[in-house]
Amino acid sequence: QITVIGTPQWLEYQTVNLRLYESLNVHNMTYDFVDYRHTHEQNFVTRFRKAYRTEPDFDAFHGVRTGYFFFDALGRYGREFFKCVEQLNSPEFTNPFHFKNANSEGWENIKFVLFRQAGFRQQNVATQ
């Protein structure tokens with residue numbers, strides 16, 4: 001079986017049939033992934049719909065995760081939380097970040113998620 005690695009821009013194409021992605025076993029990458037099977041994602045959707053009377057888009061999920069990540073880090077480790085990045089990179093947190101020291105010039109986010117279309121929904125390849 002062949003796997004085709006696509007770019008995130010492929011998802012923006014309006015004229016491509018999702019069955020084609022499935023038949024070609026297309027995998028895409030993103031820096032953040034929303035898995036609607038998880039209870040906390042479903043709860044967020046419910047609360048968002050109630051508050052804003054619309055569906056949350058990718059930016060809504062990413063904004064909440066980003067805020068939670070940094071506010072949680074500040075609450076746990078204080079203003080110098082960046083000194084505790086190894087604890088923040090814990091895989092138990094669902095967040096869009098995994099930081100790596102960038103040659104003493106700061107921190108670089110190296111996280112990405114590989115996913116594919118299956119059954120007309122996106123699935124994280126790592127958690128299948």
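The values are calculated or read from the model by the stated rules, or taken from the named source; none is laboratory data. Please read these numbers as outputs of a predicted model, since none were measured by experiment. Cβ coordinates were reconstructed from backbone atoms using ideal geometry, including for glycine residues, and neighbour counts include every protein chain displayed. Each accessible area value is taken on the protein alone, full model and side chains, heavy atoms only, with ligands, DNA and RNA left out. Shrake-Rupley method; radii C 1.70, N 1.55, O 1.52, S 1.80 Å.
Work through the residues other than His62 whose Cβ is under 14 Å from its Cβ and net out their charges, Lys, Arg +1 and Asp, Glu -1.
Numbers: positive: Arg65, Lys111; negative: Asp32, Asp35, Glu41, Asp57, Asp59.
So the environment of His62 carries a net charge of -3.
Please state the equivalent ellipsoid semi-axes for the stretch 24-128: what are the square roots of 5 times the Cα gyration tensor eigenvalues, largest first, in whole Å?
Numbers: eigenvalues 141, 80, 23 Å².
Whole-Å semi-axes of the equivalent ellipsoid: 27, 20, 11.
In degrees, nearest 10, range 0 to 90: what is the angle between the Cα axis of helix 39-52 and the longest Cα principal axis of the chain?
For 39-52 against the chain, the angle is about 90 degrees.
Please identify the longest segment of the chain free of exposed trypsin sites (Lys or Arg not before Pro), where exposed means a DSSP state other than H, G, I, E or B and no more than 16 other Cβ atoms within 10 Å. Walk me through the numbers on the way to the answer.
Numbers: sites that count: Arg37, Arg53, Lys111.
Counting only loop sites that pass the neighbour cut-off, the longest clear stretch is 54-110.
Using the C-alpha gyration tensor of the stretch 1-79, what are the square roots of 5 times its eigenvalues, in whole angstrom, with the largest one first?
Square roots of five times the eigenvalues give 31, 18, 11 Å.
First compute the accessible area of the chain with a 1.4 Å probe, then give the percent of it belonging to carbon and sulfur atoms. Provide the component values of the computation, followed by the final result.
Numbers: 4960 of 9190 Å².
Using a 1.4 Å probe with all protein chains present, the chain comes out at 54 percent carbon and sulfur.
Between Leu24 and Glu41, what is 0.36 nm times their sequence separation minus the Cα-Cα distance? Round to one decimal in nm. Provide the component values of the computation, followed by the final result.
Working: separation 17, 0.36 × 17 = 6.12 nm, distance 2.85 nm.
Contour length minus Cα-Cα distance gives 3.3 nm.
Expressed as a rounded percentage, what relative contact order does the chain have, with Cα pairs under 8 Å and six or more residues apart? Intermediate values should be presented prior to the final figure.
Values: 129 pairs, mean separation 37.1, N = 128.
With pairs under 8 Å counted, the relative contact order is 29 percent.
Classify the stretch 41-80 as rounded, prolate or oblate from the Cα gyration tensor: take a ≥ b ≥ c as the square roots of its eigenvalues, call it rounded if a/c is under 1.5, otherwise prolate when a/b beats b/c and oblate if not. The partial results should precede the final answer.
Values: a/c = 3.54, a/b = 2.72, b/c = 1.30.
It is prolate, given that a/c is not under 1.5 and a/b is the larger ratio.
Can you give the accessible area per residue of the chain, in Å², using a 1.4 Å probe? Walk me through the numbers before you get to the answer.
Details: 9190 Å² over 128 residues.
Each residue of the chain exposes 72 Å² on average to a 1.4 Å probe.
Under a plain spin-label model, where a point goes 7 Å from the Cα along Cα-to-Cβ, how far apart in nm are Arg49 and Asn89?
Roughly 3.8 nm, to one decimal.
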